[in-house]
Structures are given as structure tokens and as C-alpha cells.
Amino acid sequence: MIRFSHAPDDSDPALATHLPDEAATLALGAQLAPALRSGLVIYLNGELGAGKTTLVRGVLRALGHGGNVKSPTYTLIEPYVVSRLNLYHFDFYRFTSAEEYLDAGLEEYFTAQGVCLVEWPQKAQPYVAPPDVVIELTTTTEGRDARIRPLTETGRQCTERLAAAPPPLR
Ligand SMILES: Nc1ncnc2c1ncn2[C@@H]1O[C@H](COP(=O)(O)OP(=O)(O)OP(=O)(O)O)[C@@H](O)[C@H]1O
Ligand SMILES: [Mg+2]
């Protein structure tokens, strides 16, 4: 189970934790999975190789997805239907202009019926929907630091569920 060194309080609802290895990133994804609800938009921020796709892999495995979780670097979006959720994984790294987001018709995925997990959202600004939760992954000398910040009421409910989550079943 991922323990948060910074638990949410009224003045700062963000969560923080250290992820010493890839397994810890997967475990954070697994812990996030049951906290997801349709309509959530989650930005995954962090440099190349920070572990964003790994986190999504942890989410999807915990929701029962048995297949591959490949990076949407070339496809822009990878859709999944898992555990009664429509989950959409985006990666806008390759955009050379934000208008490519509009040209690709990706707005249609950002509805109350989908959960959107977005890598490189800044490449689609100002067009991509604003986030309910921002997860920031930072590379450290040993592993990664994760900071999870809610920006809306539904985002706050998500991070509260995450902080209260029991350990994932194995
Ligand atoms: N907590 C961790 N500590 C050390 N290595 C990790 C950790 N989490 C993930 N990794 C490793 O980091 C590498 C890059 O991970 P990943 O592809 O998920 O990054 P990314 O943020 O999606 O990169 P990109 O921006 O290129 O899409 C992988 O080899 C993965 O195993
Ligand atoms: Mg990635």
C-alpha cells in the first residue's frame, strides 16, 4: 500500500509520496483505480520517462485489464472499457501545435461518461479540458516523487478516496 507523507487537510488537499521503484508506481496506480469515477479528467505531468504510462498501467491492471498497456505516443489515444469505466489514455507529446488536438477530434472523449488520463496535456492547451486532479511525477536520485493535487470538488472526492483506500488485492 502506498502511504502518503502528506495527507490531505483543509488548507492543502494535496497528497505526496515517494515511489522507490517501478513496482511502487504500479501500486499507486492500483490504489488510484478504485477512486476513479466517470467524468474525471486527470493530468499526468512529468518529464520524459517520469513514469506516467507506468502509473496508467497500474490503474488498468487493477481494474482487470489483462492485455498490453501501450504508450499512446503515436496513436494519441488508447481507449479501454474496464470494470464498467470508459477509460481514455492520451499522450499529446508529439503535437507540434495545440490545434492538432482539435483536428484529431479528441474533444468528444472528454464527457461525463469517460475517465480521461492525459500525458503531456500542456501540448494541447488551451483546448484540452481542465483537470480535476493533477499528478506530478518527479525523477529523484532514487525513484520518483509523486504529488497528487485536486483542483475541483470531484477531484477532491477522488483524492479523499485515494488517501482512504485499503491496500489493493493481490
Ligand atoms: N518509481 C520509479 N522508480 C524508478 N523507475 C521507474 C519508476 N516508475 C517507473 N519507472 C520506470 O521509468 C521508465 C519510464 O516510464 P514511463 O514510460 O511510464 O514514463 P512516461 O512518463 O510515460 O514517459 P513519456 O513521457 O516518454 O511517455 C520505465 O522504464 C519504468 O519502469
Ligand atoms: Mg508515457
* To do: Quick one: residue 142 ticks every box in (1) at pLDDT 95 or above; (2) open to solvent by 80 Å² or more (accessible area, probe 1.4 Å); (3) within 16 Å of ligand 1 (Cβ to nearest atom); (4) outside any helix (DSSP H, G or I) except a single one, so which number is it?
  => (1)
* Structure fact -> For the stretch 24-56, the count of residues that are near ligand 1 (Cβ under 6 Å from one of its atoms) and either small (Gly, Ala, Ser) or modelled with pLDDT under 95 (or both) equals 5
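Looking at the stretch 113-130, which of its residues are open to solvent by 20 Å² or more (accessible area, probe 1.4 Å) and either over 15 Å from residue 46 (Cα atoms) or among the small types (Gly, Ala, Ser) (or both)?
The first filter runs over the stretch 113-130 and keeps only residues open to solvent by 20 Å² or more (accessible area, probe 1.4 Å), leaving 113, 120, 122-123, 125-127, 129-130.
113, 125, 126, 127, 129, 130, listed by residue number.
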* To do: Test residue 21 against the stated conditions and say whether it is more than 16 Å from the chain's Cα centre (by Cα), at pLDDT 95 or above and within 16 Å of ligand 1 (Cβ to nearest atom).
  => yes
* Asked: Can you name the condition, by its number, that residue 74 falls short on among (1) aromatic (Phe, Trp, Tyr); (2) closer than 19 Å to residue 150 by Cβ; (3) loosely packed, with under 15 Cβ neighbours inside 10 Å?
  -> (2)
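Please find, within the stretch 53-68, the residue that is nearest to residue 37 (Cα to Cα) out of those that are β-branched (Val, Ile, Thr) and within 10 Å of ligand 2 (Cβ to nearest atom).
56
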* **Per-region count, the stretch 77-99, residues surrounded by 17 or more Cβ atoms within 10 Å (Cβ to Cβ), hydrophobic (A, V, I, L, M, F, W, C) and touching a strand residue (DSSP E or B) at 6+ places or on another chain (Cβ under 9 Å)** => 4
* Does the stretch 104-111 include one or more residues that are open to solvent by less than 50 Å² (accessible area, probe 1.4 Å), assigned to a loop (DSSP other than H, G, I, E, B) and in contact (Cβ under 8 Å) with a residue 60 or more places away in the chain? -> yes
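Could you tell me whether residue 59 is of a type in the set (Val, Ile, Thr), open to solvent by 40 Å² or more (accessible area, probe 1.4 Å) and either modelled with pLDDT of 95 or more or closer than 22 Å to residue 165 by Cα (or both)?
No; evaluated as a whole, the condition is false for this residue.
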* Identify all residues within the stretch 7-25 that are away from ligand 2 (no atom under 16 Å from the Cβ), in contact with a helix residue (DSSP H, G or I) (Cβ under 7 Å, 6 or more places away or on another chain) and aliphatic (A, V, I, L, M); write none if there are none. => 7, 15
* Asked: Does any residue in the stretch 9-34 that is under 25 Å from residue 88 (Cα atoms) and open to solvent by 60 Å² or more (accessible area, probe 1.4 Å) come within less than 9 Å, Cβ to Cβ, of a residue that is of a type in the set (Lys, Arg) and more than 10 Å from ligand 1 (Cβ to nearest atom) six or more places away or on a different chain, and which pairs are these?
  -> 34/161
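The values are calculated or read from the model by the stated rules, or taken from the named source; none is laboratory data. The structure displayed is predicted, hence computed values, not measured ones. Please note: Cβ atoms are built from the backbone with ideal geometry, for glycine as well, and neighbour counts cover all protein chains shown. Surface accessibility is based on the protein's heavy atoms, side chains included, excluding ligands, DNA and RNA. Shrake-Rupley method; radii C 1.70, N 1.55, O 1.52, S 1.80 Å.
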